[in-house]
Number of protein chains: 4
Amino acid sequence: MKNMRKILVTSFLIAAVSFAGSGQRKTVNLPDLPGYVTLKCDFHLHTVFSDGNVWPVYRVGEAYRDGLDAIAITDHIEYTPKKDMIPINHNAGWGIAQGTAKEYNIILVHGAELTRKMPPGHVNALFIQDASLLDTDSIMDAYEAAIKQGAFLQWNHPGWRSQEPDGIPKLYPIHKTLIEKGWLHGIEFFNDSEYYPLVMTFCKQYNLAVMANSDNHGIISETYPKPEYTNRPMTLVFAKARTSEALKEAMFAGRTLAYFRDMLAGREEYAKPFFYQCISVGKPYYENDKTIFFEVTNKSDVPFYLVNGVKDAPQEITLIANGTTRVAVSKKVTAPLTYDVKNVITGENEVLKIELKYK
Amino acid sequence: MKNMRKILVTSFLIAAVSFAGSGQRKTVNLPDLPGYVTLKCDFHLHTVFSDGNVWPVYRVGEAYRDGLDAIAITDHIEYTPKKDMIPINHNAGWGIAQGTAKEYNIILVHGAELTRKMPPGHVNALFIQDASLLDTDSIMDAYEAAIKQGAFLQWNHPGWRSQEPDGIPKLYPIHKTLIEKGWLHGIEFFNDSEYYPLVMTFCKQYNLAVMANSDNHGIISETYPKPEYTNRPMTLVFAKARTSEALKEAMFAGRTLAYFRDMLAGREEYAKPFFYQCISVGKPYYENDKTIFFEVTNKSDVPFYLVNGVKDAPQEITLIANGTTRVAVSKKVTAPLTYDVKNVITGENEVLKIELKYK
Amino acid sequence: MKNMRKILVTSFLIAAVSFAGSGQRKTVNLPDLPGYVTLKCDFHLHTVFSDGNVWPVYRVGEAYRDGLDAIAITDHIEYTPKKDMIPINHNAGWGIAQGTAKEYNIILVHGAELTRKMPPGHVNALFIQDASLLDTDSIMDAYEAAIKQGAFLQWNHPGWRSQEPDGIPKLYPIHKTLIEKGWLHGIEFFNDSEYYPLVMTFCKQYNLAVMANSDNHGIISETYPKPEYTNRPMTLVFAKARTSEALKEAMFAGRTLAYFRDMLAGREEYAKPFFYQCISVGKPYYENDKTIFFEVTNKSDVPFYLVNGVKDAPQEITLIANGTTRVAVSKKVTAPLTYDVKNVITGENEVLKIELKYK
Amino acid sequence: MKNMRKILVTSFLIAAVSFAGSGQRKTVNLPDLPGYVTLKCDFHLHTVFSDGNVWPVYRVGEAYRDGLDAIAITDHIEYTPKKDMIPINHNAGWGIAQGTAKEYNIILVHGAELTRKMPPGHVNALFIQDASLLDTDSIMDAYEAAIKQGAFLQWNHPGWRSQEPDGIPKLYPIHKTLIEKGWLHGIEFFNDSEYYPLVMTFCKQYNLAVMANSDNHGIISETYPKPEYTNRPMTLVFAKARTSEALKEAMFAGRTLAYFRDMLAGREEYAKPFFYQCISVGKPYYENDKTIFFEVTNKSDVPFYLVNGVKDAPQEITLIANGTTRVAVSKKVTAPLTYDVKNVITGENEVLKIELKYK
C-alpha cells in the first residue's frame, strides 16, 4: 500500500455538513444542579399558523440541533394574518409537531399566546390541552380557560416598546389581580434580543419564575447568527427529571434561570450553586517570591466576568467559557478572593458575589 | 433606571479578544483513561535558533492557548541557517522558554532534533539536559550522548518525501540497530499534515510509542487555521500524573495515541478504552411498532465515523464531536450493534471495532 | 475631551447584525459579459404551499440577502402534503410574494413544478401566468398548458437517484418528443448538492440552457452553511437588461452558466469570456537570472484551479477568489502559458482551456 | 462514466488551505482616488532584532497575505532586550527581508524606531539608508542623522498611557521645534488598537500626514483575529504610482487616510472623494404612493454608518461593506438626502458630511 498520505479533509467536512442536518444535537455545556437536571427550554415560538414564517415541524428540528430539551409553539390566538390562505386552527402547531418531537426526544409543551393590548399585554399559556378554548372576547375568560387546563401563565416582553414606549415594565391593576388569583407564574426577563432589569424585582417580590425565550417568528440560526451569538435565549429549568411533568412542577416552583448570550439572570439561590457547578478552582501550581499562580477551569458555555477584586488582587478576571484561566495573585493578598460576577444578574441592580478559594 | 435594554455585544467580544491573548487556555475535550491523566503534547517545534520563524517564548504562549500540557522545542543541531545573525546555541530554546513555561503551567521538555540524511533521517532527542553534547560528527555518537542523558529518541516523519521519494517508511539497518540497542522509543505517525500508516506496524512489532507532532516552523494558528482545522497534531500520553517525570515514564512505556484532525491512531489497548470514555449510550427514549430510538453522546472533540453496521441496522453513524447523535434501530435487529470506527486506526490496515449497547 | 480611546467593537457588530436582517444585499462578485448583465438566479424553490417549510415571502428576503437578481417559487402541482391544513392554491407562492419582490428589487418569476414519475420526471414551468391550468391528468396536457402561457420548461435533477437508481440521466422518448416540439428549454446540471456531467452533452446537442438551482425546501443558509459553502447554487443568465423580459429572452437563447461552490459549467462560448472577465494578468514586476514573477488578480468569488501546465512552467496554479496569485515562471519557458481550468466544465469530459498572457 | 455525483468538498478546501500559505494575496477592497493609486501600508513593525517575536522575512509574508503594498520594519534603536542571544544589528530587519520583499512585490521601506521617554516619545524614521547612524546619545542628533538620509519622521502613539497617563497627546516644546525645523512629517492617529482624536487637530494645523499602523510585536492574524477584525490597521497613501519613490512623495505631501476596523480618519479633501469612490447610488427601481425605493452599493470593505438624516428621511442608514443597501424614502422628503458619516473622522470632533443623490 501507499504509505505516505496527505490527510484528506473530506471526512472532516462530511461530519460538519451532516451536523447541519437534523440527526444530531449540539451539546449545550451547562451543568446540572445537585438533585436536579438542567433543562434548556424556549417557551415562545411562532409558525405559519399565526404570523411566523415556518412550518411547526421545523421548530422541533431547530430545537434539536440547538441542544434544547423542551419548546412550546405559542401561536397568537388573536392575530392570524395568514387566515385567508391558512384556516385558523389554534391547536395546529401542537398537533402537527408532536410526532416529530417524540422521535427527536424533545419535550413539546402545548401552548398559545394571548395577544392583547397593554395592559395586560401578551401572555403565554403553557401546558394547556386545547388552545381553541382560549379564543374568547374577554381576556379574563381566556385566562380562566387556560387555568382550568392547568396552565402556567407567562407575561411576555413586559417592556416591549410597541406596548410600553418608555421601555419600562409596569405592573398594572390587572397584573396585580392575576398575581393575587395565582394566575401569573412567570415573566420574560429576556425576549428576542432585549432584557428588562425590573422583571427581577417583580419576580422576587411575587415569587414568579424568571424566563428567557426567543419569541422567534423566522429562523433561529439567522436571528442569532454565529459567531456573534453563541446561543439562542433559553430558560434553564431545574427539574427533578427530564419529563414534561417534572418540567411543569419545576416551573411552577420557580426553579429557573434566564440565559442569553453571556448573561444569566435569576434568583441567587439558583445562580450561586449554578456558578460553582460551572467552575473548578485548581490548587496553586507555581509560586515565586511575590506571586502565587493557580488556574480556574470553566466547564460551561458561559464566560464569567469577575470584577471588583480585593486589594492587591487582580481587579478583573474573565473566566472564559470552556476554558481555563490562569490567575496570578500577589502574596500580599490575605483577604478572601471575592468578586462580583458582572454578567450574573440576581436583582434589578444586583449581581452575584462569589469567592475563588485557591488555598 | 431605564428598564428596557438592547443587549450590547461589547462584553461578549471583550471575552473573545482576551482569549486571543495569553491569559487563557482553551479546553481540549479528550477524556482521561482510568488510572491515567491524558496529557496533550507536541514534541516537535522549531524557533529562530534553527530554521523556525519565532522566538522560543512564543511557543509556550501558543501551546497554552491551544490547551496543551507539554511541549518540546527541538531545534536542529546540524541545520542553523540563521547563524550569521544568531550565534549557535543548542540549548537556547530551552533556556529562554523555561521560566515562562513554569508561569504558564506548561511542561517544557528539553529537546533537540538530530538532522541527518536518510538513513537514519531525523530523530528527536527528548528529556535531555545538554543539547550541545549532541553536536557530534558521528550520528551514533550523538545518539549515545542523548541516551546517556536519559533521552527518549523519536524517529521523525519516516515517510517524508524529501528523504523517501516514494513516501514509504523503511526500517534500514541503522534503525534495527537502534531498536536492538534500546535506543529508539517512538515514531511519528502524524507529522505536520501527513501520516504514515506503516508506522503502526513498526510500533506494534517493536513496542514503540506512536507519536503525532506539528514539526512547526511558523505559526500554529496559521498552519492549522480554523475552521478547517479544529486542532493541531497532538501526542496523547496517558500518564500517572501531570508531571514531567510521569510524562517521561508513560512515553517510555508506550502509553500514547496519535491525534490529528478527526483521526486517532495507536494500539487497541489504549484506543478502545479511550473511545468508550468519549461516548455514553443512552437508554431508548421512544419506540414505535418498527423502530427503537436512543441517543449516543460524544463528550470529546473527536467525531467518530461508525461504518459496516450489522444487518437491518444503520450502516453508517457519525457520532459528532461534543454532541449527541440520535440512532433509530429497526426492531428486526437482534445481533449486537457492532461497528468499525473508520477514523480510529489500530494498525496499518485495521481500525477499531466497537459495540453500542443500548438495551 | 478624553483623547485616548480603546476602539469599541460595538459599531462593527451593529453592522454585522443588521446584515442578518433583510435591509441589505450581499454583493456576489461575478462579472458581466460584454453587452450583457449577469443575473444571478435560482429557479427552483418550495414553500408551505407544497412540501416546503417556509412562507413564500421568506424566499424573497433570503434571495435578497444572498445577492440574487431573480427567483422562481415552484411548488409541486401534484404533491401537496399539507393540504389538510393549507387548501391547495397553485398560484399562492407567486401571489403572496410578488409585492415584497417589487419592494426588494427581486425579479419574481411565476413558476410551478410538474411532478411526475420518471419518465418524464420533474419539470419546472417558468414564466407562466396561471399555475392552476397545469393541474391536469395528462402530463402532455400540462406541458401544453404551460407552453400556451409562454413557459420556459426546465427538466429538473435528471439523475436524481430516487427516480434514476443508477444516477445516470437518460433521454427517454418523451424527452425527445418534448425537444422535437420545442417544449424543453433547459436542464438542471446542478440541483441541491448534486451535479450530472451528462447534462452537458444533452444541452450542447439540443441547444438547451444549462441550469443550476437549489430546489430548496428548508432554509438556504442552513442547507449551505458558511464557511463550508460560499454560495447557493445559481443559474447565471447573461441578459440584455435587468428585467423579467430580458431574463426570459436570455434563457430561451440559452445564455447561461451553472454555478455552485467552486464550479462553473456551461458552453465554452460563455465560460471562456466569463473566465477572462474574472481575471487580470499583471505585467512582470520582478525578475532574476532564472525566474520571471507576475501576478494574476481574480476579482470574482470563484477560485480557478489551473492544471496541466506546459514544460518547465508551474504545473498547477490556484487563482484564489477575490485575491491575487503570484506566479513565478522559469525563463526556460518559451511556449504560451496554457492551462486547463479544472473547475470550469464545458462538456461531459471537458474543461475550459485558457492562456495566461504575461509578456 | 458515473453520471450522478455528490459534490466533493476536497477541491474547495485545497483552495482555502493554500490561501493560508504565502503564494496568494487577499484583495483589500479600497478604491483608488482619481489620479492616484491607493497604497495599503503598515509603517510600524517589530522583529526579534528588538522586542518582537518573529523573524523579519515573516513580516513580508504576513503583509503579502493581508494584501498590503508596503511595510516598514522599525525595530527599536534603544531597546534590544534579546541582545545576549542576538547581537545588535539595526539594519538586520531591512537586510534580511528585502530579497523576499522583491519576490513578493512588497515595497519594503527601510526604517527604525527612535525610542525615548516622553517628550519626545517614540518616533519612526522611514526611508533611511543606514539605521546604525541613528544610534546616538542625543535624540536631536539621531533626528538629524535621519533627516540627512531623507527620512520621513513619524511620531508614534502620542497618547500611549505608558508615556501619557491621561491618554491625551500633547505637543511639547521639542515637538514644536521639530515641526518648525520641518523634521516631523506624520503622526499616528491609530496605533495597535487605540486611536487619538486630538491627532487630527495637530495634523490639520501643521499639515502633517495622518497615519495608522499596527506596531505589531507578535502575529498580526492573532492580534486581529477574524471575524472580530476584518483588517489590520493601515495607512492608505494616495500615490502617483506603486513605487517606493511615489510612496515617499505622497507621504511627504500628506496624502493619506488612516484606516482601522470600520473607521477612516483624515483630511476631508481625501475622505470625501474616497467615500464617493466607494459607493454608487442607483436610480429608483420602484415607487408606490408614499415611498421611493433605491439602492446604494458600497464596493469597499468599509461599512459606512450614516446618521442625522433630514426630516421624514431615514434617520440612520448603514451602507454595509461589499454589499448593497436598500433605501426607502418618503415622497414627503424634498430636501437633499444629507447625512453625517459617523465612522469617517475628519477632525477631533468632526465627521464627514455627504449627500445621496438618488433623483
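Taking R0 as 35 Å, what FRET efficiency do you get between B:GLU348 and A:LYS226 from their Cβ-Cβ distance, rounded to the nearest 0.05? Computed FRET efficiency for B:GLU348 and A:LYS226: 0.35. A cut-off under 12 angstrom between Cβ atoms defines the neighbours of C:GLU269, and their net charge, with Lys, Arg +1 and Asp, Glu -1, is +3. Between A:SER162 and D:GLN315, the modelled label-to-label distance comes to 1.9 nm, taking each label 7 Å out from Cα in the direction of the beta carbon.
Taking 0.36 nm per residue of separation and subtracting the current Cα-Cα distance, fully stretching the chain between D:MET118 and D:LYS359 would add 81.4 nm. Here the spin labels are modelled as points 7 Å beyond Cα on the Cα-Cβ line, and at D:GLU268 and A:ASP51 they lie 4.4 nm apart.
Pairs spanning more than 28 Å between alpha-carbon atoms, out of A:LYS40/C:LYS26; A:LYS283/A:LYS332; D:LYS204/D:LYS342; D:LYS226/D:LYS342: A:LYS40/C:LYS26. Here is how far apart the A:THR201 label points are across copies: 4.2, 7.7, 7.7 nm, shortest first, using a point 7 Å from Cα toward Cβ. What separates the A:ASP32 label point from its copies, with the point 7 Å along Cα to Cβ, is 2.0, 6.4, 6.7 nm, written shortest first. What separates the A:ASP130 label point from its copies, with the point 7 Å along Cα to Cβ, is 4.3, 9.3, 10.0 nm, written shortest first. Inter-chain Cβ neighbour count for D:26-32, averaged per residue, equals 3 (cutoff 10 Å, partner chain atoms only). Expressed as a fraction of 2.2 N^0.38 Å, the C-alpha radius of gyration for the stretch C:137-284 is 1.13. For the residues of D:53-62, the average number of beta carbons from a partner chain within 10 Å of their own beta carbon is 5. Model label points for C:ALA328 and B:TYR285, set 7 angstrom from Cα along the Cα-to-Cβ axis, are 5.6 nm apart. Measuring gaps between exposed loop sites in chain D (chymotrypsin sites (Phe, Trp or Tyr not before Pro); DSSP loop; at most 15 other Cβ atoms within 10 Å), the longest gap, sites not included, is D:80-284. Partner shielding of A:218-225 amounts to 6, given as the average count of beta-carbon atoms from other chains within 10 Å of each residue beta-carbon. Scattering from the C-alpha atoms of the stretch A:219-359 alone, worked out with Debye: what is log10 I(q)/I(0) at q = 0.16, 0.21 1/Å? The computed values of log10 I(q)/I(0) come out as -0.91, -1.28. Only alpha carbons enter this Debye calculation for the stretch B:23-266, each as an equal point scatterer, and the log10 of I(q)/I(0) it gives at q = 0.10, 0.11, 0.16 Å⁻¹ is -0.42, -0.51, -1.17.
Of all the options C:ILE219, C:ILE187, C:ILE107, the one that moves most in a Gaussian network model of chain C with Cα springs shorter than 10 angstrom is C:ILE219.
Among B:SER138, B:SER50, B:SER221, the residue with the largest mean-square fluctuation in a Gaussian network model of chain B, with springs joining Cα atoms closer than 10 Å, is B:SER138. Qualifying trypsin sites (Lys or Arg not before Pro) in the stretch A:146-214, where qualification requires a DSSP coil assignment and no more than 13 other C-beta atoms within 10 Å, comprise A:ARG161. Note that the protein assembly as shown shows a convex hull volume over its alpha carbon atoms of 194 Å³ per residue. Once backbone amide H atoms are built at 1.01 Å from N, A:ILE73 has A:VAL109, A:GLY111 as its partners under 5 Å, excluding neighbours fewer than 5 places away on the same chain. If a/c stays under 1.5 just call it rounded; otherwise compare a/b with b/c (prolate if a/b is bigger, oblate if not). Do that for the stretch B:278-356, with a ≥ b ≥ c from the square roots of the Cα gyration tensor eigenvalues. The shape class here is oblate. Among the trypsin sites (Lys or Arg not before Pro) in the stretch B:283-316, those located in a DSSP loop and surrounded by at most 11 other Cβ atoms within 10 Å of their own Cβ are B:LYS290, B:LYS311. For the stretch D:28-99, the set of trypsin sites (Lys or Arg not before Pro) satisfying both a DSSP loop assignment and a count of at most 12 other C-beta atoms within 10 Å is given as D:LYS83. Considering only C:THR230, C:THR136, C:THR334, the mean-square fluctuation computed in a Gaussian network model of chain C, springs between alpha carbons under 10 angstrom, is largest for C:THR334.
Since every read-out is calculated from the coordinates, none of them should be taken as a lab result. These numbers come from a predicted model, not from an experiment. Every residue, glycine among them, receives a Cβ derived from its backbone with ideal geometry; neighbour counts consider all protein chains shown.
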